[in-house]
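I have placed the structure first, in the form of structure tokens, so that the comments after it can refer back to it.
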Amino acid sequence: MSLPKAYVVGDGKLQYIIFDKPDIVTNGVRTGGYEPELQEFSKHLLDGKEPGFVLDIGANMGSYTIPLAKKFPQHTYLCFEPQRVIYYQLCGNIVLNSLANTAAYPLAVSNKAGVINVDMPDYFKETNIGAFSLDAEVRMNQYECHTIGNKERVEMVTLDSLEIPNIRLIKIDVEGMELAVLQGAAETLSNNNFPPVIFEAWTWKTWYKERRIQLLDYMHSLGYKIHTYGENNVAQHPDYGPIKKWTY
């Protein structure tokens, strides 16, 4: 399988290897940043924290982690990206930005371990690679990743199996699999005094309404307080420390 032509963009402080194609995340990075609100949320949550781990579940090319790892270099960043091609792009961006505090893994995170075979996007044609999902129901309902490329094997793990200590923040963007990720992290959350979690939960997909309620109910059952900002949610737990509030 061949790939689109790649080149480097950046302002000297941040640089990215991107494909020469009109993908949504690519366009955001090319024009100065993708989902800048996530950087703002994370700034509030990481400011003043002792060194620890930041987890990026569904890291894509690193548009979230790269600027954050530059801004808060005292932390160690663990990125998980199941698309093999995008994982390679992520690794390139980590090296390109000289981030010794960042590691990447070609893994999906869920509530059980295993291996699945799944159709990857056509990277020449797809305009929303970030919408790639491993969730069967998502792929059947309003699936935003419209193209089909090669079928590949994807390894899945649970966060609990990794036994990561001193977690300061978890960001989850896994296109409908957020609840599965969190269910597979129950011990991890508890063992780390319930660190903050930034996660996506669609409001505009009508078929997803019940699943969104289940996701929010699960976080509430763990004691998290949730503030919603559009499609993104910031969950904080009183056991971890004072609940921070801000406007965006």
Round to a whole angstrom and tell me the spacing of the C-alpha centers of the stretch 173-248 and the stretch 91-108.
25 Å
Taking all pairs of distinct Cα atoms, average 1/r, flip it, and tell me the Kirkwood hydrodynamic radius of the chain in Å to one decimal place.
18.4 Å
Normalise the Cα radius of gyration of the stretch 1-85 by 2.2 N^0.38 Å (N = residues in it) and let me know the number.
1.16
Per the C-alpha gyration tensor (a ≥ b ≥ c, the square roots of its eigenvalues), the stretch 192-248 is rounded if a/c is under 1.5, else prolate if a/b beats b/c, else oblate; here it's oblate
For the pair residue 183 and residue 100, the simple spin-label estimate (label points 7 Å beyond Cα toward Cβ) gives in nm 4.2 nm
Using only alpha carbon pairs under 8 Å that are at least six residues apart, calculate the relative contact order of the chain and give it in whole percent.
17 percent
When only C-alpha pairs under 8 Å and at least 6 residues apart count, what is the relative contact order of the stretch 100-163, in percent?
51 percent
Pairs beyond 25 Å (Cα-Cα), from 171/225; 71/245; 71/125:
71/125
How much area per residue is accessible in the stretch 1-126 when the probe is 1.4 Å and only protein heavy atoms are counted (Å²)?
43 Å²
Take every DSSP beta bridge whose two residues both sit in the chain, then give the antiparallel share in percent to the nearest 5.
50 percent
Sum -39500 (n - 2.57) across every DSSP H segment of at least 4 residues in the chain, then divide by the residue count to get the 222 nm mean residue ellipticity, nearest 500.
-8000 deg cm²/dmol
What spacing in nm lies between the two simple spin-label points modelled at residue 112 and residue 228, each 7 Å away from Cα in the Cβ direction?
3.0 nm
Per the 1.4 Å probe, what fraction of the accessible area of the chain, in percent, lies on carbon and sulfur atoms?
51 percent
Under a straight-distance cross-link criterion of Cα-Cα below 16 Å, which lysines are reachable from residue 112, leaving out those fewer than 8 residues away in the same chain?
none
Protein-only accessible surface order, largest first, of 164, 243 at 1.4 Å:
243, 164
In square angstrom, what is the accessible area per residue of the stretch 138-248 with a 1.4 angstrom probe?
49 Å²
Can you pull the one-decimal nm distance between simple spin-label points at residue 153 and residue 245, each 7 Å off the Cα toward Cβ?
5.1 nm
By its C-alpha gyration tensor, with a ≥ b ≥ c as the square roots of the eigenvalues, how is the stretch 65-124 shaped: rounded for a/c under 1.5, else prolate for a/b larger than b/c, else oblate?
oblate
Top of 59, 185, 136 by mean-square fluctuation, Gaussian network on the chain, Cα under 10 Å:
136
Using only the Cα atoms of the stretch 82-175, build the gyration tensor, take square roots of its eigenvalues as a ≥ b ≥ c, and label the shape rounded, prolate or oblate: rounded if a/c is under 1.5, else prolate if a/b is larger than b/c, else oblate.
oblate
Local electrostatic count, residue 214, Cβ distance below 15 Å [Lys/Arg +1, Asp/Glu -1]:
-2
When the chain is fully extended, how far beyond the present Cα-Cα distance does residue 122 get from residue 166, taking 0.36 nm per residue of separation?
12.0 nm
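The values are calculated or read from the model by the stated rules, or taken from the named source; none is laboratory data. Keep in mind the model is a prediction, meaning the values are calculated, not measured. Every residue, glycine among them, receives a Cβ derived from its backbone with ideal geometry; neighbour counts consider all protein chains shown. Remember, those area values only see protein heavy atoms, side chains included, never the ligands or the DNA or RNA. Shrake-Rupley method; radii C 1.70, N 1.55, O 1.52, S 1.80 Å.
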